[in-house]
1. Of the residues that make up the range 99-109, is at least one at pLDDT below 85 and outside any strand (DSSP E or B)?
2. For the range 36-46, indicate whether the set of residues that are of a type in the set (Asp, Glu), under 17 Å from ARG76 (Cβ atoms) and either open to solvent by less than 30 Å² (accessible area, probe 1.4 Å) or touching a strand residue (DSSP E or B) at 6+ places or on another chain (Cβ under 7 Å) (or both) is non-empty.
3. Mind checking which pairs have a first residue in the range 147-167 that is closer than 16 Å to THR112 by Cβ and a second that is assigned to a strand (DSSP E or B) and polar (S, T, N, Q), Cβ under 9 Å, 6 or more apart or different chains?
4. Counting only residues that are of a type outside the set (D, E, K, R), in contact with a strand residue (DSSP E or B) (Cβ under 9 Å, 6 or more places away or on another chain) and more than 11 Å from VAL20 (Cβ to Cβ), which one in the range 55-71 is least open to solvent (accessible area, probe 1.4 Å)?
5. State the number of residues belonging to the range 137-153 that are more than 15 Å from ASP98 (Cβ to Cβ), of a type in the set (A, V, I, L, M) and open to solvent by less than 40 Å² (accessible area, probe 1.4 Å).
6. Which residues, taken from the range 1-21, are surrounded by fewer than 21 Cβ atoms within 10 Å (Cβ to Cβ) and within 16 Å of the chain's Cα centre (by Cα)?
7. Can you tell which of GLY201, GLY192 is open to solvent by less than 50 Å² (accessible area, probe 1.4 Å) and at pLDDT below 85?
8. Within the range 1-29, which residues are in contact with a Leu (Cβ under 8 Å, 6 or more places away or on another chain) and closer than 26 Å to GLN100 by Cα?
Amino acid sequence: MQLVVARIGRAHGIKGEVTVEVRTDEPELRLAPGAVLATDPASAGPLTIESGRVHSGRLLLRFAGVRDRNAAEALRNILLIADVDPEERPEEPDEYYDHQLIDLDVVLADGTEVGRITEVSHLPYQDLFVVERPDGSEVLIPFVGEIVTEVDLDAQKAVIVPPPGLIDDRAVIASTRAEGDDTAGAQGSEAGGEAAGNEEGR
């Protein structure tokens with residue numbers, strides 16, 4: 001399975017280094033020196049990581065054969081893609097890769113169906129499940145232990161104990177807006193964020 005683990009940003013300095021937007025929770029594994037990564041677009045790769053370091057909170061990488069600022073700048077916005085065993089799981093038992101969470105059924109403790117995870121959104125302060133409900137509306141579920149009490153990959157489900165209003169109020173608001181504004185309903189867009197399908201996290 002191929003998963004996006006980073007996006008190349010600006011060139012840094014004059015010796016071929018680039019900043020990267022990390023999209024994996026395991027950069028020390030996925031973006032380590034010696035790693036060979038496919039790219040999107042494919043014509044830009046594969047790229048072999050020669051070295052990496054953290055500078056002012058940003059990860060900087062240098063790739064084999066990239067020796068100056070012009071060559072580094074030519075890589076800007078390219079996605080880095082790693083081959084990951086679909087059966088592989090993070091070392092920590094309570095951590096998961098995004099692709100393992102997508103399409104899990106979300107249910108309450110009593111088994112009541114809530115919906116299906118369509119995306120994992122990684123925000124600076126927490127991760128969110130984007131859950132599509134049976135009626136087509138969406139609800140955001142914070143991926144925290146107090147709310148998501150169980151993730152069972154074998155049973156393909158996530159059990160939640162939502163606080164009052166997290167599910168029902170959002171669904172009612174979405175439904176009311178759709179009924180009162182036909183144009184809004186016709187122009188509904190897909191869920192935002194770029195985490196879906198990426199290893200992004202994980």
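1. Among the residues of the range 99-109, at least one is at pLDDT below 85 and outside any strand (DSSP E or B), which makes the answer yes.
2. yes
3. Here the result reads ALA158/THR149; VAL159/THR149; ILE160/THR149; VAL161/THR149, each pair linking the range 147-167 to a residue that is assigned to a strand (DSSP E or B) and polar (S, T, N, Q).
4. VAL66
5. Summing the residues that are more than 15 Å from ASP98 (Cβ to Cβ), of a type in the set (A, V, I, L, M) and open to solvent by less than 40 Å² (accessible area, probe 1.4 Å) in the range 137-153 gives 2.
6. MET1, GLN2, ARG7, GLU21
7. GLY201
8. VAL4, VAL5, ALA6, ARG7, ILE8, VAL20, VAL22, THR24, PRO27 - these are the residues of the range 1-29 that are in contact with a Leu (Cβ under 8 Å, 6 or more places away or on another chain) and closer than 26 Å to GLN100 by Cα.
The values are calculated or read from the model by the stated rules, or taken from the named source; none is laboratory data. Note that this is a predicted model, so its numbers are computed, not measured. Heads up, the Cβs are rebuilt from the backbone with ideal geometry, glycines too, and the neighbour counts pull from every protein chain shown. Only protein heavy atoms, including side chains, enter the accessible area calculation; ligands, DNA and RNA are left aside. Shrake-Rupley method; radii C 1.70, N 1.55, O 1.52, S 1.80 Å.
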